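These notes are about the structure you will find just below.
The values are calculated or read from the model by the stated rules, or taken from the named source; none is laboratory data. Small disclaimer: the values here were computed from a predicted structure and weren't measured. A quick note on method: Cβ atoms are made from the backbone with ideal geometry, for glycine too, and the neighbour counts reach across all protein chains shown.
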Amino acid sequence: MVSLQQSLKQYFGYDSFRDGQEEIINQALLDRDLLVIMPTGGGKSLCFQLPALLKKGVSIVVSPLISLMQDQVMALQDNGINATFLNSTVNFNEIRQREEDILAGKIKLLYLAPERLVSEKFQQFLQILASTVTISFFAIDEAHCISEWGHDFRQEYRQLRQLRFRFPHIPIMALTATATTRVQKDIITQLNLKTPAIHRFSFNRSNLYYEVQPRQKRNYQQVFNLINRLEGSGIVYCFSRKTTEDLASRLHQDGISALPYHAGLSDEVRSKYQNSFIRDDVRVMVATLAFGMGINKPDVRFVIHHDLPRNIESYYQESGRAGRDGDPAKCILLYNPSDEYKIHYFIKQKENIQEQKIAYQQLEKVLEYAQTNYCRRIVQLSYFGERFKGDCDCCDNCLNPKDIEDWTIEAQKFLSCIARTQEKFGIKHIIAVLKGSKSDKVYKYGHHLLSTYGIGKDKTVQEWEYLGKSLIYQGFLNQSNDSYKILKLNKESWEILKSKKQVKIAVVNTNSSKIIDNYHPKALEVELLLQRLKKLRKKLADQENIAPYVIFGDSTLKIMAQMQPQNLKSLAKLSGVTEYKVNKYGNYFIEEIVYFLNEENLTVALPSNTQMKTLQLYQQGLTIPQIAKERNFAVSTIITHLTELIELNQSIDIDKFVLSKKKEVILKTIKEMGEQPLKILKEKLGDNYSYDEIKLVKAWYQKMNNQN
């Protein structure tokens, strides 16, 4: 008997399964109902494609988008697998031919939209298919669409509940990349799954870097600078069609290949643009939410949200289109508080009160994500019922840590108030009691008579709210999952109340808020500053004849480069910085940081990622041939990088690569002949001088002239 691994190799070319795939496939082969919640990039499609090939009959796959089913069918056919789809893009004669092939047993996977699947006419076709060729199972992809609690609820998906009644003995496999506990239960109920095997994987995408930046007034320049510093292809999501069109047009004018994508474009144009992006004919897709669901492009290196998403699930899905190949990718959200009011407006347009209520709850969680000072994965993953310890080292908050303060006393006040109100209220009411509110609700329950009434007047509402959320994030307090968000004490809560456990929270220090507010983490800028600080540290260490780490460890320099303190008081708060070192070395490092931040044209003179990698190796002392070998590039390419870095005002010492006597002759020739192409200079200088040497000296000479 052929093993699953052999089949995997045969049909898909893989030598081994990803985590969880093999167990899911084995259960599918046993005709079990299944619910699979697997993050994007986890190999979800294989979980129904392989068993479809191994089971008798044809498997029916429900897919919400034409582009999704076409992409998957094309990929399957390219592997020699008999798959097809039926949708509105196929003419009548072709549909008839495909149906004949299906009934002849020539097709193993059939992709359909939910509308076609549940139509009466097609149900008749399915009845014939089930009684002849047989239907091996139904696979409901993007199954969250069936739930009103899901981020992309679609009415047509609700009709899929008919499948169990019409085909009671055919197993159903529901699959999605995102589903809260509530949505999971709803999927099981709506599809009437029979004791399904539930496979739920971590939602954590460890290869994705998450960051939130305040959206600047000149937000186009902000987006342009971000894209200019990022490598590879990317998506920029916008709230409106107008912003989408404007951004795409300006990016194109400024030399970044970009196209718009929104529902106002014709199907033909959208399809054309989407293909251009998938095939790397265009680097950036600027799109509304109409773009992306089911896009199979695995190498999207960045996703930028120009506006606040409406809910965490949408953001998780949209940002998750980056890095599907498992390689590092960046997800950046540009946040402006005014976005909240725009979303409020659209929520109010919903006629259904229940839908409004759900939308407001979802918006509240997005705001938590945008505003938190903790690891962003804590907020993101908690939405899906997953507890994450934080310290992911792959979000802006973890890489740019805030001040940690002891708030144990405040936490005791907060938790005591919860206990005295009998654990029946949410955060807002607890804060009202602590702040000594005279609201009707406080007096109605007699909470103005409690000992905790008014004991929290020294903190703002925002500070108490942040403490409450911090306690929940850290697992020191429970919160109900319903719309009431009732706070409940747990074991850790009582340990805090008994002073057996401390509470420390990350806060934005008011004395250094200017630095934090103005700091927008940019990996290249941080790396450049870090290298500058290392050079300064080495210089000081050499003067004292000591090892550089004695002055400051690397971890301290990294934090310094990230936080960019501009005064001694801010510097003293960083990890690894003592008062003695502030007094002895502080001014040197502050001067270097301030000088770096004030350099002319810093925002537009940063090296590209590939130039940066060459610069790092050069700063480590490698020779040009060594750098070329390390990067698997030609020596001439490294020379080009170095000349470009010289032009970008980076500190490159060409004396390491060109003998001083040769340098003098080349300089003399350049001065005599003026601005001339390399070929002319080479002919004048002769065979004793290489193009590489001339190129480096010319770049250095031009830099000197520009500075003068």
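The set of residues in the stretch 331-376 that are of a type in the set (S, T, N, Q) and in contact with a Lys or Arg (Cβ under 7 Å, 6 or more places away or on another chain) comprises Asn336, Gln356, Gln362, Asn373.
If I go through the stretch 436-458 residue by residue, how many of them are surrounded by fewer than 19 Cβ atoms within 10 Å (Cβ to Cβ) and assigned to a loop (DSSP other than H, G, I, E, B)? So the answer is 11. Taken over the stretch 320-346, residues that are assigned to a helix (DSSP H, G or I) and touching a Leu at 6+ places or on another chain (Cβ under 7 Å) amount to 3. Of all residues in the stretch 6-31, none that is assigned to a helix (DSSP H, G or I) has its Cβ atom under 7 Å from the Cβ atom of a residue that is exposed (fewer than 13 other Cβ atoms within 10 Å of the Cβ) and at pLDDT 85 or above, 6 or more apart or on another chain. Consider the stretch 181-207 and keep the residues that are buried (at least 22 other Cβ atoms within 10 Å of the Cβ) and in contact with a Gly (Cβ under 8 Å, 6 or more places away or on another chain). The one that is farthest from Ala329 (Cα to Cα) is Val183. Cβ separations smaller than 6 Å between residues 6+ apart or across chains give the following pairs from the stretch 368-390 residues that are part of a helix (DSSP H, G or I) to residues that are among the aliphatic types (A, V, I, L, M): Glu368/Val379; Tyr369/Val379; Ala370/Val212. Residues that are under 22 Å from the mean Cα position of the chain (by Cα) number at least 1 in the following strands (runs of 3 or more DSSP E) confined to the stretch 135-203: 172-176, 197-200. Does the stretch 612-630 include one or more residues that are loosely packed, with under 12 Cβ neighbours inside 10 Å and of a type in the set (A, V, I, L, M, F, W, C)? Looking through the stretch 612-630, none of the residues is loosely packed, with under 12 Cβ neighbours inside 10 Å and of a type in the set (A, V, I, L, M, F, W, C).
Taking the conditions exactly as written (touching a Leu at 6+ places or on another chain (Cβ under 9 Å), more than 21 Å from Lys44 (Cβ to Cβ) and free of Cβ contacts under 8 Å to residues at least 24 places away in the same chain), does Tyr273 satisfy them or not? Here the answer is yes, as Tyr273 does meet what is asked. The set of residues in the stretch 347-382 that are crowded, with 20+ Cβ neighbours inside 10 Å, at pLDDT below 85 and within 15 Å of Gln479 (Cα to Cα) is empty.
Listed by first and then second residue, the pairs linking a residue in the stretch 640-654 that is more than 15 Å from Thr610 (Cα to Cα) to a residue that is part of a loop (DSSP other than H, G, I, E, B), with Cβ atoms under 7 Å apart and 6 or more places separating them unless they lie on different chains, are Asn649/Ala605. Can you find even one residue in the stretch 616-639 that is of a type in the set (S, T, N, Q), part of a helix (DSSP H, G or I), closer than 23 Å to Lys538 by Cα and in contact (Cβ under 8 Å) with a residue 60 or more places away in the chain? Within the stretch 616-639, one or more residues are of a type in the set (S, T, N, Q), part of a helix (DSSP H, G or I), closer than 23 Å to Lys538 by Cα and in contact (Cβ under 8 Å) with a residue 60 or more places away in the chain. Checking each residue in the stretch 54-77 for being assigned to a helix (DSSP H, G or I) and within 20 Å of Ala130 (Cα to Cα) picks out only Leu54. Residue check: is Leu597 under 30 Å from Ile304 (Cβ atoms), modelled with pLDDT of 80 or more and assigned to a helix (DSSP H, G or I)? It is true that Leu597 is under 30 Å from Ile304 (Cβ atoms), modelled with pLDDT of 80 or more and assigned to a helix (DSSP H, G or I). Scanning the stretch 413-435 for residues that are buried (at least 17 other Cβ atoms within 10 Å of the Cβ) and touching a residue at least 60 places away in the same chain (Cβ under 8 Å) gives Leu415, Ser416, Ile418, Phe425, Ile427. Looking across Glu99, Glu94, one residue alone is of a type in the set (D, E, K, R), at pLDDT below 95, in contact with a helix residue (DSSP H, G or I) (Cβ under 7 Å, 6 or more places away or on another chain) and in a helix (DSSP H, G or I). It is Glu99. Within the stretch 232-258, restricting attention to residues that are in a helix (DSSP H, G or I) and of a type in the set (Val, Ile, Thr), the residue that is farthest from Pro328 (Cα to Cα) is Thr243. So, in the stretch 486-518, of the ones that are in a loop (DSSP other than H, G, I, E, B) and touching a helix residue (DSSP H, G or I) at 6+ places or on another chain (Cβ under 7 Å), which residue ends up modelled with the lowest pLDDT? Only one residue fits best here, namely Val508.
Scanning the stretch 396-421 for residues that are outside any helix (DSSP H, G or I) and modelled with pLDDT of 95 or more gives a single hit, Thr421. For the stretch 431-462, enumerate the residues that are touching a helix residue (DSSP H, G or I) at 6+ places or on another chain (Cβ under 6 Å) and among the hydrophobic types (A, V, I, L, M, F, W, C). Those that are touching a helix residue (DSSP H, G or I) at 6+ places or on another chain (Cβ under 6 Å) and among the hydrophobic types (A, V, I, L, M, F, W, C): Ile431, Ala432, Val433, Leu434, Val442, Leu450, Ile455, Val461.
Among residues of the stretch 307-335 that are at positive phi, those with a Cβ under 7 angstrom from a residue that is at pLDDT 90 or above and not β-branched (Val, Ile, Thr), sequence gap 6+ or separate chain, pair up as Gly323/Arg205; Gly323/Asn207; Gly323/Leu208; Gly323/Ala329; Gly326/Asn207.
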